[in-house]
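Read the structure below first, then the notes.
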Amino acid sequence: MIDRATVDKIIDAARIVDVVGEFVTLKKSGVNYKGLCPFHDDRNPSFMVSPSKNICHCFVCGKGGTPANFLMEHEQITYPEALRWLAKKYNIEIVEKEMTDEEREAQSERESMFIVNEWAKDWFHDILKNDPDGIAIGKQYFRSRGIRDDIIEKFQLGYAPQKRDALALASKAKGYKPEFLVKTGLCIEGEKGVYDRYAGRAIFPWFNVSGKVVAFGGRVLDSRTKGVAQKYVNSPDSDIYHKERELYGIYQAKKAIVKEDRVFMVEGYTDVIAMHQAGIENVVANSGTALSTYQIHMLHRFTNNITLLYDGDEAGIHAAMRGTDMLLEEGMNIKVLLLPDGDDPDSFARKHSTEDLRRYIEENQTDFITFKSRLTVENVSDPVKRSEAIGGIVKSISVIPDQILRSTYLSDFAHRINMKEQTLISEMNKYIRNSLATNPSRGGEGNRPTQGQTQGPYQEQNQEQELSASIASAKGDGAVEELLIREVVRHGDEIIFEDVETEDGEKINLSVSQYIDFDLSADGIQMASPLHSQILSEAVAHQGEPGFKAETYFCSHPDMQVSQLATRLAIDRHQLGGRFEMKEREGELRQRVIHLVMDYRLGIVEQRLKNIQRELLQVGSDRERMMQLLKEHKETKELRDALAKRLGTDLVV
């Protein structure tokens, strides 16, 4: 681990113009610089670099940040890796934090496994290129699949000799311990010693997202596949490899995924390789296993959009259906394309040019709900099967966290199958309520019934709540909330109230972040955005620490989402384009923050009024509930008017 002092030294030394200038051609623009954004297809320079703030930002795609954040996004590396890159550039010696004996032993063992895997990758690759059997058997296999030499190099493909202890003997000659050959899965331990797992197979190394070799896949060659139970043998789980956490091809694909803002998911190694050879590089494979949350979270670092690309047989359909609800629940936008005529991505890519392949995908991929509807509902006459299929699709829609997208899908589906939307809404709310009952952590705004939908248990819950709690559970205006967080990012550490007397008679100072947190938490109000809540809570937690500066802290945050948002909020377009920044007069910051907090509260109260009015229209003959709602409406309206008066807002009542 890099110690804190070294991290601070690296951050202080790194200059944004130096770092970005290695990848982007920059031109002077006033006191700043600009260039074409490296993160999207930019034709008019929209990527601005501010030397004074030491940050960069694209006003089109929103990406950028500090030197470390820029490297993380551009090179698709981790925060520690970005720090090491910068340390090397600025000739800063990395000082590692002192570890315990147990930590040192575990790290040493993991590093040894990575070293052994790296050596094995090179050994397999060298056998393929220079050994007579490697050339005659291994290379001939790849050529028979139409794989070019440059693609063999790109994926570091290899060949394992048929002799069962060839790798074991070669590693021994190099001084590698047999225990690490077994722990990585390269060899299997038997009664007579260790022997090679992949003997006589074509080798596909697995690289993790950082480019380290974590595992291997070995394929029996075509002439030997008849009667073989396992065409592929893969590395077993180990301290450095867990299959559910890795995706084949992610290292080679990550930059293209970011650039295209989409990832194609295929089934196997050769599908990935064939797509790359056809010129489509934003593609990965999960190698026949169901997608895991780890894999989805990894993809989410690079894009929200995924296309499942499989062959059109029963196995392909099953693969397309597997894990889709999990993808939807994690906020991924799913499209599906099943290839025709028994083709898989490998064979289909080899038959078509890059242009034809791209055009076919663009014209034939469809959103997942449409795909599932065509497959299971449309043209199905059996009422029971049709009903079950409709329920399955509604259940899939119910897990989508984005309320607007969820409502859009439901409306489109109702129109597609000619069914009343309200019927599907009621069914969807059942799934949502059941999900909340079994998993309360999913009780966020995104998983509550949308406006105009049947409220169900929320009506009962509201009956038992006091007015203040009802208001606290509402969500404020998103635009005002972001303005509040902008003040936290820019000025969160600045004191705006001095010598405030508490109930205990103690006098304290309140910074911008402390005041916002104190005022909102007094009534249990939480911000709608988890990212906003995180920024506010971290600002409060670090307040008072020596040298804490909110803007620097959040723009340099290792969490890419935090740093990108902070960078955007820290920069004004006119500031980047101009020569001067206006200084605030004394007291302006305090007045602005107070006004924003009241404005935010007003938005919550007004939303609560709308909710009460909507529920009054649906309450029916329940007189007791109607009287309670009318009372809440009166009290909420009085609170709204009082807030509006303080804000100087004229309301038409």
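Other residues lying with their Cβ under 10 Å from the Cβ of ASN286 contribute a combined charge of -1, Lys and Arg counting +1, Asp and Glu -1. Relative to the current alpha-carbon distance between GLN591 and LYS549, full extension at 0.36 nm per residue lengthens the span by 13.0 nm.
Helix 4-13 versus the longest principal axis of the chain: what angle, 0 to 90°, nearest 10, using Cα atoms? For helix 4-13, the angle is close to 90 degrees.
A crude spin-label estimate for the pair ASP559 and GLN607, with each label 7 Å from Cα along the Cβ direction, gives 2.0 nm.
Relative contact order of the chain: 10 percent, from C-alpha pairs under 8 Å at least 6 residues apart in sequence. Each Lys or Arg adds one and each Asp or Glu takes one away; over the other residues whose Cβ falls under 14 Å from the Cβ of ASP126, this sums to -1.
Diagonalising the gyration tensor over the Cα atoms of the stretch 312-386 and scaling each eigenvalue by 5 before taking the square root yields semi-axes of 25, 16, 12 Å, largest first. Taking one quarter of the surface of the convex hull spanned by the alpha-carbon atoms of the stretch 297-433 gives a direction-averaged projected area of 9.5 nm². Between helix 79-89 and the chain there is an angle of about 70 degrees, using the helix long axis and the longest principal axis of the Cα atoms. Once the 1.4 Å probe is applied to the protein heavy atoms, the chain comes out at 50 Å² accessible per residue. When THR293, THR25, THR423 are compared by accessible area of protein heavy atoms, the largest-first order is THR25, THR423, THR293, using a 1.4 Å probe. Values of log10 I(q)/I(0) for the stretch 362-415 across q = 0.29 Å⁻¹ run -1.18, by the Debye formula with one identical scatterer at each alpha carbon and no solvent. Multiplying the residue separation of LYS351 and MET326 by 0.36 nm and removing their Cα-Cα distance gives an extension gain of 5.7 nm. Run lengths n ≥ 4 of DSSP H only: what is the helix-derived mean residue ellipticity at 222 nm for the chain, with -39500 (n - 2.57) per run over all residues, to the nearest 500? Estimated from H runs of four or more residues: -16000 deg cm²/dmol. Computed extension gain for ALA642 through LYS259, at 0.36 nm per residue and net of the alpha carbon distance, reaches 132.9 nm. Working from label points 7 Å from Cα in the Cα-to-Cβ sense, the ASP8 to ALA173 distance is 5.3 nm. For the chain, the Cβ-based charge dipole about the Cα centre amounts to some 2000 debye (Lys, Arg positive; Asp, Glu negative; other atoms uncharged). Along the charge dipole of the chain, pointing to its positive end and built from +1/-1 on Cβ of Lys, Arg, Asp and Glu, which listed residue (SER210, MET265, PRO132) has its Cα farthest out? Checking the options against the dipole of the chain, the answer is PRO132.
Non-local amide H neighbours of PHE47 (under 5 Å, H modeled in plane, Pro and chain starts lacking H): which ones? Sorted by chain and number, the residues that satisfy this are GLY35, CYS37.
Evaluating 6.51 cos²θ - 1.76 cosθ + 1.60 at θ = phi - 60° for every residue in the stretch 189-197, the Karplus couplings come out as 8, x, 5, 9, x, 9, 9, 6, 6 Hz, glycine and proline recorded as x.
For ILE55, nonlocal amide neighbours, meaning residues 5 or more places apart or on other chains whose placed amide H falls under 5 Å from its own, are SER50. For THR370, neighbours were defined as the other residues whose beta-carbon sits under 12 Å from its Cβ, and their charges (Lys and Arg +1, Asp and Glu -1) total +1. Taking θ as phi - 60° and the Karplus parameters 6.51, -1.76 and 1.60, the scalar couplings of the stretch 297-310 work out to 4, 4, 5, 5, 5, 10, 6, 9, 10, 9, 10, 7, 10, 9 Hz in sequence order, x denoting glycine and proline.
Expressed as a whole percent, the accessible area of the chain that falls on carbon and sulfur atoms is 48 (1.4 Å probe). Give the calculated FRET efficiency between ASN434 and GLU388 to the nearest 0.05, with a Förster radius of 25 Å applied to their Cβ-Cβ distance. Efficiency computed from Cβ-Cβ geometry: 0.90. For the residue pairs LYS139/LYS192; LYS121/LYS177; LYS89/LYS129; LYS129/LYS351; LYS89/LYS121; LYS9/LYS88, the C-alpha atoms sit more than 24 angstrom apart in LYS139/LYS192; LYS89/LYS129; LYS129/LYS351; LYS89/LYS121.
The values are calculated or read from the model by the stated rules, or taken from the named source; none is laboratory data. None of these values were measured; they are calculated from a predicted model. For neighbour counting, all protein chains shown are included, and Cβ atoms are generated from backbone atoms with ideal geometry for every residue, glycine included. Accessible surface is based on the protein model in full, side chains and every heavy atom, while ligands, DNA and RNA are left aside. Shrake-Rupley method; radii C 1.70, N 1.55, O 1.52, S 1.80 Å.
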